[in-house]
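Quick notes on the structure that follows.
Here, each number is a calculation from the coordinates, and none is a lab measurement. Because the structure is a prediction, the values reported are computed rather than measured. For neighbour counting, all protein chains shown are included, and Cβ atoms are generated from backbone atoms with ideal geometry for every residue, glycine included.
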Amino acid sequence: MQIDDISFNDISIFHQEESFSIFHKLNFTRTEGGKEWLRHFFSNPFTDAKKIKGTQNIIKKLTDYIDDWPEEISNGTVLVMLKFLDYALDTIGDNPSAIDAFMYRLLHSADYSMAKFSVKHFSDFFRGLKKIEQILNGVDMPAHFSMYIDRVHHLVNHIEPFRQMSETRKDEPLPKHKVLYFAVNVRGNHKTQVHELIDIYSRLDAWYSMAVAVKKYNLRFPELIESEHPFFEAKSLYHLLLHNPVPYDLKMDPEQNFLFLTGANMAGKSTLIKSVGASVFLAHIGMAVPAAEMKLTIFDGLISNINVVDNIVKGESFFFNEVQRIKNTVQKINDGKKWLVLIDELFKGTNVEDAMRCSLAVIKGLVKVKTSLFILSTHLYEIGEELQDLPTIAFRNFETTVTDDALSFSYQLKEGISKDRLGYLILKREKVVELLERL
């Protein structure tokens with residue numbers, strides 16, 4: 001699925017501040033390599049149902065083995081291994097005897113200490129891999145996952161030093177000659193295979209992380225619908241980053257492929273848009289989603305227009321960049337493919353009259369595209385009257401209740417158009433008006 005950096009940021013997949021990042025919330029990897037592979041999975045959503053279902057199956061199966069996952073392998077384990085592989089160790093013979101080991105420790109005490117410390121971590125690593133291979137042996141997994149388990153089985157069991165280390169007990173004291181024997185083999189004869197196994201474990205760590213997230217947050221796997229026309233339906237959908245989310249139900253199809261969303265500030269419009277975007281994105285990486293149920297077609301792309309900014313360096317105004325983003329959107333979705341288009345508050349960078357005129361032009365153009373789904377939020381409820389005759393537009397709103405200047409939000413989608421404008425009320429409630437009057 002096509003998605004650009006702006007949309008990644010708009011729907012909070014990646015964010016510099018971890019509390020605003022869905023990736024961070026779902027990251028339960030134990031190693032930096034696993035984190036990088038998880039980032040790779042998140043950066044490359046699929047447009048292939050087979051690959052999506054394959055990843056779903058991997059995660060579903062792994063959720064049954066979370067409690068059995070080995071504790072031996074940590075990020076520290078892998079860091080020690082990588083450091084040792086590049087460490088300038090004094091030469092060791094290929095098969096050192098007890099006497100050789102005694103002399104090596106005597107003449108190269110620092111290097112021997114480094115080898116002893118590192119071999120302990122290599123043993124933890126191979127023991128952990130063997131446990132993974134054993135718990136997943138015979139489990140019906142997609143071919144590309146089973147390939148890695150088969151490779152682990154082959155390398156750990158058929159390379160003698162690896163096999164011996166995998167059969168050691170945790171913190172088992174090793175003879176000096178065994179320490180050097182293992183050290184010389186992981187650094188020399190089998191260094192390439194060690195790197196391969198670290199990379200394989202990193203991939204497994206990323207999938208394991210996704211399984212942990214599914215179980216921890218009670219996420220549900222969406223159902224993929226095969227259709228030439230775009231479709232999205234969710235029940236009890238919510239946003240992952242909210243502490244106490246209010247879920248909502250939403251359905252979009254070719255009959256009504258354009259959601260015209262109104263409501264006051266803070267009523268929940270942006271949250272709904274981002275919830276839909278995030279859930280559709282997660283579905284396309286094979287991940288479970290924050291909803292009780294979800295059905296959707298595979299989308300070819302997702303594009304958003306939410307957090308547009310100006311560019312002082314280039315001399316580009318906020319409004320100019322809004323126009324460029326809309327232009328980019330129109331050019332992309334004019335390809336006959338399925339797109340999910342998310343637009344939050346069109347044309348905030350110009351006056352109200354101009355914004356209404358521009359918004360009407362954009363909406364009347366976008367509704368001609370039947371192969372995509374659109375969600376557009378706006379404060380400009382007046383333009384809704386001119387759109388009532390367009391059958392594919394669904395009008396929904398978030399209502400706000402005002403009691404003695406106190407605001408109450410239900411965060412529930414309602415039929416129709418909201419005419420709430422509460423900006424001045426909020427300004428007054430926060431005593432800004434009172435402060436201004438005292439100036």
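Remarks
- Length gained on full extension, H15 to S410: 139.4 nm, using 0.36 nm per residue less the C-alpha separation.
- Within the listed set A143, A115, A264, the Gaussian network model of the chain (springs between alpha-carbon atoms below 10 Å) gives the highest mean-square fluctuation for A143.
- Gyration tensor verdict on the chain (Cα atoms; rounded if a/c is under 1.5, prolate if a/b is larger than b/c, oblate otherwise): prolate
- Furthest towards positive pole of dipole, V214, W69, I200, structure part region 31-217, Cβ charges: V214
- Computed magnitude of the charge dipole of the chain (debye, nearest 20; Cβ of K, R +1, Cβ of D, E -1): 760 debye
- With a Förster radius of 30 Å applied to the C-beta separation of K419 and F320, the computed FRET efficiency comes to 0.50.
- Within the listed set F126, F374, F117, the Gaussian network model of the chain (springs between alpha-carbon atoms below 10 Å) gives the highest mean-square fluctuation for F117.
- Once the chain from L360 to Y65 is taken as fully extended at 0.36 nm per residue, the excess over their C-alpha distance is 100.9 nm.
- Charge dipole (region 223-437, unit charges on Cβ, about Cα centre) - positive-most of Q331, M266, H243: Q331
- Most fluctuating residue given options E382, E172, E71, as computed from a GNM of the chain linking Cα atoms under 10 Å: E172
- Ordering of 50-58, 153-161 by burial proxy (mean other Cβ atoms within 10 Å per residue, highest first): 50-58, 153-161
- Using a simple spin-label model with pseudo-atoms 7 Å out from Cα toward Cβ, D335 and L242 lie 3.2 nm apart.
- Farthest positive-ward along the chain dipole, Cα basis, beta-carbon charges - from F398, V280, N189: N189
- At 1.567 mPa s and 4 °C, Stokes D of region 285-392 from Kirkwood alpha-carbon radius, µm² per second: 84 µm²/s
- Cα gyration tensor category, rounded, prolate or oblate, for region 31-217 with a/c compared to 1.5: prolate
- Nearest 10 degrees, 0 to 90: helix 269-283 Cα axis against the chain principal axis: 40 degrees
- Most to least packed among 203-215, 1-13, 277-289 [average Cβ atoms within 10 Å]: 277-289, 203-215, 1-13
- Student exercise, region 223-437 dipole from Lys, Arg, Asp, Glu Cβ charges, in Debye to nearest 20: 440 debye
- Mean residue ellipticity at 222 nm, helices only, the chain: -14500 deg cm²/dmol; runs of at least 4 DSSP H residues each add -39,500 (n - 2.57), and the sum is divided by the number of residues.
- Rg over Rh, two decimals, region 223-437 (C-alpha only, Kirkwood Rh): 0.98
- Cα→Cβ-extended label distance, 7 Å offset, between T401 and N44, nm: 5.1 nm
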